[in-house]
Amino acid sequence: MVGEQDRWQEDLFVAGPLRDLIPEDHILKRVDQVLDLSWLRGEVQDCYCADKGRPSIDPESAVRLMLAGYFSGIVHDRKLMREAQVNLAIRWFAGYRLHEKLPDHSSLTHIRQRWGAERFRRIFERTVQACVQAGLVSGETVHVDATLVRADVSWESLTRRHVEQVLEENCEPTAAKEEEPPRGKPGRPRGQTPGQKRFSTTDPDATMTTNNNAWRLEPSYKQHTAVDDKAGVIIDVAVTTGETNEGQQLPGQLARVEAATGIPVRTATADAGYAHSANYQLLEEGAIDAVIPPQAAPRSAQHIPARRFKYDAKHQTVQCPAGKPLYRAGRNKQPKGWRYRARACDCSTCPLRPRCLPERARVRAIVIVDGYEALLRARRRKEKGWDEQTRRHYDRHRWRVEGIHGEAKTQHGLRRAVRRGLANVAIQSYLTAAVMNLKRLAKAFLIRFFGRGIPKRPRWTYRLIRLSSPTPIRSPRRILACCA
C-alpha cells in the first residue's frame, strides 16, 4: 500500500530534546564530546566592559558558530548564518534553541576584530594540548612545509610602484644614507632604473608570488605548517606574506613545536625550499636528523658554479678548479658569509677564464655562507644515497604535510583567503587548523569508545542486522569514516 505524508501540518511542540534529532555519526556531535571552551570567557574578559553596554554574544557560542562553518567548508559569515537558520546540527552545536534568534553575521566580524589574531591562536594551541594529552602527538618526528593562500583581491586592484619611491616615503634620509652600499661592492650598476613592484590597493599585505616558475605571479599569503608524524596533528601554524622565504621560518617553527609538545624534536623533514646551510647547521647543533634534500645544481650554468671550488674548513681556504687560492675579502651581508676573491694576476692568465668569468669581470669572487660545512655533509649524504629509514621519513612527509594542505584547501576553504589583511588570514588559518585537529581528536575518542578489537564483517552482515533489529544500528566503521 502506498503511504501518504501530510507535509503541511506544523507541530507546535517537539517531543524530545534537540540532540535526538541529530544523527549519532554527525561530525559536530562527535566533536562536541571532545571540545572544551569553558576557559574562553576568562580569556576574552578584558575585551568587554564589566558594567556598561548591552550583553554581547556568548564567546563560546560565537566560536562554535565559526568552527561549525569551517567543519562544513562554509567560510563566509553570511552563508554560515543562513545555513544555521535551517541546520539543526549547527544550531544545537552553538547552543541556540529552535525559537531563539541567531546573531547577525556582522557580529562575528566585530568579534574577530575585537579579539585579535592572538586569541584565536590560543584556541588552536588548546587543540594541540588536547591532542598531546590524548596521546596523538609523539613530538619526535615533525614534517614542515609551506603553502600559498590566494589573497581575496581582484586583478583590477593591482598596480605598480617604484621601490625607491617607497623607500623615500617610508625611510628617513639619514637611515637611507647609512644603508647605501659603499663603492666597490656589488650592486645595481649606475644609470639602471630600479624594477617595479606590483601590489594590491585593496590588500597591501598580500605580495606577488608563485610556487612554480611556469605559472604567473598572484597576490598571495604563505602559511607555514608543522605536522606531527604520529596522527597528522597540526602542531604549529604561522602566516606571512607571500614573498617570505619559508627556509628562514624553520628555526622559529621548531622552537614553537618543542614549546607546545615539551618533547625535543629528533627528526625534521622538509622539501628543498628549506635546504639552507644555516638550517643544516642549526639542526646539527640541536642533534636533529635533517631529512631535507639539497637543492639540485643548475644544469645550464653559464660559468663554473661555486660548488666546483674546494673549501678547506680546517684552514678556511678556498681553491679554484685551476688550483689557485682565493683569499678572504670581507664579510658578506646577504647571503651571510665570507667573501673570497682571487688575485687579478691568477685570473688573467688562467686557461679557464672564458668558462669562469664574464667578459668585463677582472677576478672571480665567491661567497662561503655560514654553515657551509653542514651543507656539504648533507650533499654527500644525499649523493651516497639515503638509508631506508630516511627515505621512509621523506615519503611520509610528502603525504603527511602536503595532504594536510590539500585537506585544508579542498574541505575547509583555505584555497583562497576570505578576508583581507594579514591578521584576518591568520585567524582563518588558526580556525582551519583547530578544526582539523578536532577531527583527529574526535576520531581517537571514537576508536577508544568502540575499542580496537572490532571484528571485520562483510557489508551485507550490517544490512541484515539493521533489517532484523527494531532500532537502527549503525556500523562503527562507517562512523569512523565520517569523522576521518
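Where a number appears in this text, it was derived from the coordinates with a stated rule and is not lab data. Everything numeric in this text was worked out from a predicted model, so none of it was measured. Because the Cβ atoms are built from the backbone with ideal geometry, glycine has one as well, and the counts that use them run over all protein chains shown.
General remarks:
- Amide H contacts of residue 329: 339, 340, 341, each under 5 Å away and 5 or more positions distant or on a separate chain (H built 1.01 Å from N in the peptide plane; Pro and chain starts excluded).
- Charging the Cβ of each Asp and Glu at -1 and of each Lys and Arg at +1, and nothing else, the dipole of the range 247-326 about its Cα centre rounds to 460 debye.
- Length gained on full extension, residue 259 to residue 78, computed as 0.36 nm times the residue gap minus the Cα-Cα distance: 61.4 nm.
- Sequence ranges 424-434, 116-126, ranked by mean other-Cβ count within 10 angstrom, highest first: 424-434, 116-126
- Packing here is the average count of other Cβ atoms within 10 Å per residue, and on that basis the peptides 53-60, 261-268, 217-224, highest first, run 217-224, 261-268, 53-60.
- Here the extension length gained between residue 2 and residue 39 equals 7.9 nm, from 0.36 nm per residue of separation less the Cα-Cα distance.
- Pairs of lysine residues in the range 306-371 that meet both criteria, 8 or more places apart or on different chains and Cα atoms under 20 Å apart, total 4.
- Overall, the range 306-371 carries a charge dipole of about 120 debye about its Cα centre when +1 sits on the Cβ of Lys and Arg and -1 on the Cβ of Asp and Glu, all other atoms neutral.
- Each peptide in 101-107, 239-245 gets a packing score, the mean of other Cβ atoms within 10 Å over its residues, and the list from highest to lowest is 239-245, 101-107.
- Cβ-defined net charge surrounding residue 152, 9 Å radius [Lys, Arg +1; Asp, Glu -1]: +3
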